[in-house]
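Enquirer: Right, I'll just put the structure down here and ask away after.
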Amino acid sequence: MLNLRVMTLNLGGGVKNFTGSPEQSTGKSQALAQLINEIKPDFLGVQEVAQYIDADGGLHSMIERIKIDGNFDNHFYGETLSMKKHMQIKKDLMINGLFNDWWDWSKGNAVFSRVPFARLGNPTKVGVPRNVPIFSPLSYEGTRDTDPRYVILTRLKQDPFPYVMNLHLTTLVGERGDHVWSEVVDAARLTRSQQMSRVLGLVEEHVLLQESPLILMGDFNAEIEEYSLKDMLERDHQFVHLAPQEKIPTHVSAGAVDHLFFFPSRRLVSYETHIINSPLAHTISDHLPVVADIVIE
């Protein structure tokens, strides 16, 4: 049996950009460190985490801060967007970075673990997570519609050697907010279904057909009733949604879009999931953390 506490959190509304004052950045970092040390996850997946290199070559990285402040021995950063690869004049952050003499800025997803990472094919040996593209636009136009999307795939070096995937699926301009367009909503749901199909295709042969344990986490930008989750994951592939006891939104306007899933159900002994709806959590991001205690056979 393996007991794990896993946590997912999108930092998008909090510290990803490093555009606030030093006092604001320090305050957010300290709040995040306090939250992590209160929850004490064994495995943490974050989305929209960022870092930049200043004019003197100094690295300012939330990844490093989380690793140090959270006392994680193992971490991996999967870049999805950067100034060097995707410089776009429509992106204010990149223009500001240019005139602040940043050498580079990037954002992406990251995983942190107290259990060592294993090789995907040989879990008895130490390995490195992989950052796999699931959506690559023809060109980046400075909007969320053309944000590249990736999934981090890793495996834990502790019996029964579960695989873990951390992802962030697409949302489109006009899908939410005060001016919602029905055709945009339909396009966004179709896009997420296509991305989920690629995620499932990635692990179909080597994980799902082998019925190896798999934890799937992240910001899906979809509520549980959406086709990509309810049908593709739960109905067609028998993933278990680790449903939180609290029936509340995880994002201020998008709803309950941050999730944890497990496969296969027969390997899941028990679980208890919570949305951390504390004043501290609200100071860090516009998303709330989702945390699950799981026991794997």
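Enquirer: Quick check on Pro244: is it crowded, with 22+ Cβ neighbours inside 10 Å, part of a loop (DSSP other than H, G, I, E, B) and not hydrophobic (A, V, I, L, M, F, W, C)?
Expert: Yes, satisfied.
Enquirer: Between Asp258, Asp231, which is charged (D, E, K, R), within 23 Å of Ala187 (Cβ to Cβ) and touching a residue at least 40 places away in the same chain (Cβ under 8 Å)?
Expert: Values: Asp231 fails: touching a residue at least 40 places away in the same chain (Cβ under 8 Å).
Result: Asp258 is the single residue among Asp258, Asp231 that is charged (D, E, K, R), within 23 Å of Ala187 (Cβ to Cβ) and touching a residue at least 40 places away in the same chain (Cβ under 8 Å).
Enquirer: Further, regarding this structure: When you go through Glu211, Glu183 one by one, which is the residue that is surrounded by fewer than 21 Cβ atoms within 10 Å (Cβ to Cβ), charged (D, E, K, R) and either modelled with pLDDT of 95 or more or under 24 Å from Asp42 (Cα atoms) (or both)?
Expert: Values: Glu183 fails: either modelled with pLDDT of 95 or more or under 24 Å from Asp42 (Cα atoms) (or both).
Among Glu211, Glu183, only Glu211 is surrounded by fewer than 21 Cβ atoms within 10 Å (Cβ to Cβ), charged (D, E, K, R) and either modelled with pLDDT of 95 or more or under 24 Å from Asp42 (Cα atoms) (or both).
Enquirer: Closer than 25 Å to Val290 by Cα, assigned to a loop (DSSP other than H, G, I, E, B) and either out of contact with any Leu (no Cβ under 6 Å at 6 or more places or on another chain) or modelled with pLDDT under 95 (or both), is that true of Phe18?
Expert: For Phe18, the condition - closer than 25 Å to Val290 by Cα, assigned to a loop (DSSP other than H, G, I, E, B) and either out of contact with any Leu (no Cβ under 6 Å at 6 or more places or on another chain) or modelled with pLDDT under 95 (or both) - is met.
Enquirer: Let me ask another. Among Ala256, Ala222, which is out of contact with any Asp or Glu (no Cβ under 8 Å at 6 or more places or on another chain), under 22 Å from Thr171 (Cβ atoms) and buried (at least 17 other Cβ atoms within 10 Å of the Cβ)? Walk me through how you get there before you give the answer.
Expert: Numbers: Ala256 fails: out of contact with any Asp or Glu (no Cβ under 8 Å at 6 or more places or on another chain).
On inspection, the qualifying residue turns out to be Ala222.
Enquirer: Sticking with this structure for a sec: Of all residues in the range 267-292, which are within 18 Å of the chain's Cα centre (by Cα) and assigned to a strand (DSSP E or B)? Walk me through how you get there before you give the answer.
Expert: Going through the range 267-292, the residues within 18 Å of the chain's Cα centre (by Cα) turn out to be 273-276, 281-282, 284-292.
Matches in the range 267-292: Thr273, His274, Ile275, His287, Val290, Val291, Ala292.
Enquirer: Determine whether the range 283-292 contains at least one residue that is surrounded by fewer than 21 Cβ atoms within 10 Å (Cβ to Cβ), closer than 15 Å to Leu44 by Cα and either modelled with pLDDT of 95 or more or among the basic types (Lys, Arg) (or both).
Expert: No: zero hits.
Enquirer: Give me the residue from the range 115-128 that is touching a Gly at 6+ places or on another chain (Cβ under 9 Å) and surrounded by fewer than 20 Cβ atoms within 10 Å (Cβ to Cβ) and, out of that set, farthest from Phe72 (Cα to Cα). Spell out how you get there, then give the answer.
Expert: Step one: of the range 115-128, the residues touching a Gly at 6+ places or on another chain (Cβ under 9 Å) are 116-121, 127.
Then keep just the ones that are surrounded by fewer than 20 Cβ atoms within 10 Å (Cβ to Cβ); that gives 116, 119-121, 127.
Values: Pro116: 10, Arg119: 19, Leu120: 21, Gly121: 24, Gly127: 16 Å.
Checked the range 115-128; the qualifying residue farthest from Phe72 (Cα to Cα) is Gly121.
Enquirer: Quick check: is even one residue across the range 269-280 among the aromatic types (Phe, Trp, Tyr), more than 29 Å from Phe161 (Cβ to Cβ) and in contact (Cβ under 8 Å) with a residue 24 or more places away in the chain?
Expert: Kept after step one, since they are among the aromatic types (Phe, Trp, Tyr), are these residues of the range 269-280: 271.
When the remaining residues are screened for being more than 29 Å from Phe161 (Cβ to Cβ), the result is none.
No - not one qualifying residue is present in the range 269-280.
Enquirer: Any idea which residue in the range 75-108 is nearest to Asp219 (Cα to Cα), counting only those that are part of a strand (DSSP E or B) and among the small types (Gly, Ala, Ser)? Give the steps one after another, and end with the answer.
Expert: Let us first name the residues in the range 75-108 that are part of a strand (DSSP E or B), namely 75-82, 104-108.
If we keep only those that are among the small types (Gly, Ala, Ser) too, we end up with 78, 82, 106, 108.
Working: Gly78: 15, Ser82: 20, Ser106: 18, Gly108: 12 Å.
Per the stated criteria, the residue is Gly108.
Enquirer: Mind listing whichever residues of the range 194-227 are under 17 Å from Asp147 (Cβ atoms) and either of a type in the set (Phe, Trp, Tyr) or not in a loop (DSSP other than H, G, I, E, B) (or both)? Don't jump to the end; show me each part of the working.
Expert: Filtering the range 194-227 down to residues under 17 Å from Asp147 (Cβ atoms) leaves 194-196, 198-199, 218-222.
Across the range 194-227, the qualifying residues are Gln194, Gln195, Met196, Arg198, Val199, Gly218, Asp219, Phe220.
Enquirer: Which one is farthest from Phe239 (Cα to Cα) among residues in the range 190-206 that are crowded, with 17+ Cβ neighbours inside 10 Å and not aliphatic (A, V, I, L, M)?
Expert: It comes out as Thr191.
Enquirer: Report, by residue number, each residue of the range 109-164 that is part of a strand (DSSP E or B) and β-branched (Val, Ile, Thr). Outline the logic, then answer.
Expert: Pass one, the range 109-164, residues part of a strand (DSSP E or B): 109-113, 117-118, 126, 130-135, 149-156, 163-164.
The answer is Val111, Val126, Val132, Ile134, Val151, Ile152, Thr154, Val164.
Enquirer: Select from the range 150-163 the residues that are in contact (Cβ under 8 Å) with a residue 40 or more places away in the chain and crowded, with 21+ Cβ neighbours inside 10 Å and list them in ascending order.
Expert: Matches in the range 150-163: Tyr150, Val151, Ile152, Leu153, Thr154, Leu156, Pro162, Tyr163.
Enquirer: Taking the range 53-74, which residues are assigned to a strand (DSSP E or B), within 20 Å of Ser285 (Cβ to Cβ) and not small (Gly, Ala, Ser)? Steps first, answer last, please.
Expert: First, the residues of the range 53-74 that are assigned to a strand (DSSP E or B): 53, 59-61, 74.
Okay, now just the ones that are also within 20 Å of Ser285 (Cβ to Cβ), so 60-61.
The answer is His60, and nothing else.
The values are calculated or read from the model by the stated rules, or taken from the named source; none is laboratory data. Since the structure is predicted, the reported quantities are computational estimates derived from the model, not experimental observations. Methodologically, a virtual Cβ is constructed for each residue, glycine included, from the backbone with ideal geometry; neighbour enumeration extends over all protein chains shown.
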